[in-house]
């Protein structure tokens with residue numbers, strides 16, 4: 001009556017899948033390859049006198065399930081108005097101080113992007129071709145790459161508008177309009193710690209083999225065999241592409257094709273601590289057409305005693321520039337570009353610079369980059385990736401979030417719940 005279930009991966013999807021099944025009375029074991037829960041969520045509590053996010057950072061939307069989980073855990077949020085305080089250019093200026101042409105360009109890009117939700121599509125194409133077809137020139141396309149594609153951890157040329165349209169149509173969190181964005185005051189890691197309470201989690205347990213047979217599944221991890229009647233696989237699709245997990249029998253051809261269709265680009269954060277706050281009080285989103293294109297200040301909203309911290313999040317081709325450097329060179333290049341963005345001197349920044357940190361998710365063996373996306377013509381891959389395989393093998397993770405927002409923590413959470421319900425229905429059918 002209470003079969004054993006194995007969940008592979010202790011990120012957002014895996015933890016919520018395990019919690020959902022544990023609450024339903026199943027015996028659940030979570031196998032995590034690394035030495036900590038979280039996946040691409042990692043919170044640093046030593047860099048400053050408040051939690052600093054090295055990976056996922058924001059709650060995207062006033063209706064995101066993450067807000068419910070935060071409230072249930074007794075935690076709190078700090079509102080963040082990124083698009084409302086957008087600054088653009090070199091130096092980065094608020095919308096009201098930009099030239100009329102730049103201001104119109106930002107407004108029209110946002111308008112035409114959101115118009116995708118109801119636009120008739122006559123075949124799929126890249127987001128770049130979509131904007132080019134609307135008459136945007138090279139300046140507009142470069143701006144769209146920073147403000148829209150980099151947010152998806154992708155380049156403008158590699159994003160499927162059919163996939164984006166589906167996301168817009170099923171969005172129920174509100175994050176696509178930057179409505180109700182927030183940070184968790186106590187840090188994302190604290191939320192995951194609360195979610196994981198009472199769960200059986202085996203760290204340092206990378207899975208090497210998954211065998212499906214008449215009696216269920218056998219999962220081999222770090223020299224141990226775990227028997228289960230169902231298994232939920234939540235590892236990033238970038239890891240699945242490396243074939244580090246062997247399947248017997250092999251996954252279906254459709255599943256393998258879907259896995260290898262996805263693209264996962266680099267995602268890198270540069271985080272700086274200063275002795276004085278050298279950026280505007282509303283520095284929630286500073287952007288410009290440069291390598292270090294997108295910045296925000298995690299210290300904002302944390303009171304006058306918060307240590308000044310500002311961070312840069314770069315993805316795709318821009319992240320490659322920094323990933324090819326050592327830590328010193330990458331942080332120094334980021335500092336040079338921050339000076340241009342703030343319209344101040346490099347000497348002024350260096351005089352108040354205290355410490356820096358570079359986090360490259362492409363160098364993490366169990367992440368291999370940021371969030372996944374699908375190229376033009378492959379929008380169905382997200383649905384196929386989410387479909388169960390025979391013998392009790394289920395799939396979750398942000399890349400499978402076809403019915404919510406992929407590339408978000410709440411999308412990962414919801415995919416975990418979906419997979420848990422699928423596993424529950426499968427096991428109840430076996431009992432009958």
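The values are calculated or read from the model by the stated rules, or taken from the named source; none is laboratory data. What you are looking at is a predicted structure, and each value in this text was computed from that prediction instead of being measured. All Cβ positions, even for glycine, are placed from backbone atoms using ideal geometry, and neighbour counts span all protein chains on display.
Can you find a residue that is assigned to a loop (DSSP other than H, G, I, E, B) and either surrounded by fewer than 21 Cβ atoms within 10 Å (Cβ to Cβ) or under 23 Å from the mean Cα position of the chain (by Cα) (or both) anywhere in region 344-355? Within region 344-355, one or more residues are assigned to a loop (DSSP other than H, G, I, E, B) and either surrounded by fewer than 21 Cβ atoms within 10 Å (Cβ to Cβ) or under 23 Å from the mean Cα position of the chain (by Cα) (or both). Within region 45-54, can one find any residue that is in contact with a helix residue (DSSP H, G or I) (Cβ under 6 Å, 6 or more places away or on another chain) and not in a strand (DSSP E or B)? No; the residues of region 45-54 include none that is in contact with a helix residue (DSSP H, G or I) (Cβ under 6 Å, 6 or more places away or on another chain) and not in a strand (DSSP E or B). The residue of region 217-262 that is surrounded by the fewest Cβ atoms within 10 Å (Cβ to Cβ), among those that are in contact with a helix residue (DSSP H, G or I) (Cβ under 7 Å, 6 or more places away or on another chain) and in a helix (DSSP H, G or I), is 254. In the condition set (1) over 18 Å from the mean Cα position of the chain (by Cα); (2) in contact (Cβ under 8 Å) with a residue 40 or more places away in the chain; (3) surrounded by fewer than 22 Cβ atoms within 10 Å (Cβ to Cβ); (4) on the phi < 0 side of the Ramachandran plot, residue 100 is compliant with all but (2). Scanning region 66-77 for residues that are surrounded by 16 or more Cβ atoms within 10 Å (Cβ to Cβ) and either part of a strand (DSSP E or B) or at positive phi (or both) yields one hit, 77.
For the residues 12, 36, the requirement of being crowded, with 23+ Cβ neighbours inside 10 Å and within 30 Å of residue 427 (Cα to Cα) singles out 12. Among the candidates 91, 51, the residue that is in contact (Cβ under 8 Å) with a residue 60 or more places away in the chain and not assigned by TED's automatic domain parsing to the domain that holds residue 286 is uniquely 91. Looking only at residues in region 401-419 that are touching a residue at least 40 places away in the same chain (Cβ under 8 Å), out of contact with any strand residue (DSSP E or B) (no Cβ under 8 Å at 6 or more places or on another chain) and not in a helix (DSSP H, G or I), the one that is farthest from residue 63 (Cα to Cα) is 402.
Each residue in region 287-326 was checked for being part of a strand (DSSP E or B) and more than 22 Å from residue 43 (Cα to Cα), and 1 pass.
Would you call residue 384 modelled with pLDDT of 95 or more, under 18 Å from residue 296 (Cα atoms) and in contact with a helix residue (DSSP H, G or I) (Cβ under 7 Å, 6 or more places away or on another chain)? For residue 384, the condition - modelled with pLDDT of 95 or more, under 18 Å from residue 296 (Cα atoms) and in contact with a helix residue (DSSP H, G or I) (Cβ under 7 Å, 6 or more places away or on another chain) - is not met.
Going by what's in this entry, would residue 391 be described as on the phi > 0 side of the Ramachandran plot, surrounded by 24 or more Cβ atoms within 10 Å (Cβ to Cβ) and part of a loop (DSSP other than H, G, I, E, B)? Taking the combined requirement at face value, the residue does not satisfy it. From the list 334, 369, the lone residue that is buried (at least 17 other Cβ atoms within 10 Å of the Cβ) and either modelled with pLDDT under 95 or closer than 23 Å to residue 260 by Cα (or both) is 369.
Apart from one condition, residue 86 fits all of (1) crowded, with 22+ Cβ neighbours inside 10 Å; (2) over 19 Å from residue 420 (Cα atoms); the exception is (1). Note on region 188-241: residues that are closer than 27 Å to residue 371 by Cα and modelled with pLDDT of 95 or more amount to 37.
Filtering region 318-329 for residues that are in contact (Cβ under 8 Å) with a residue 12 or more places away in the chain, closer than 17 Å to residue 346 by Cβ and surrounded by fewer than 23 Cβ atoms within 10 Å (Cβ to Cβ) leaves an empty set.
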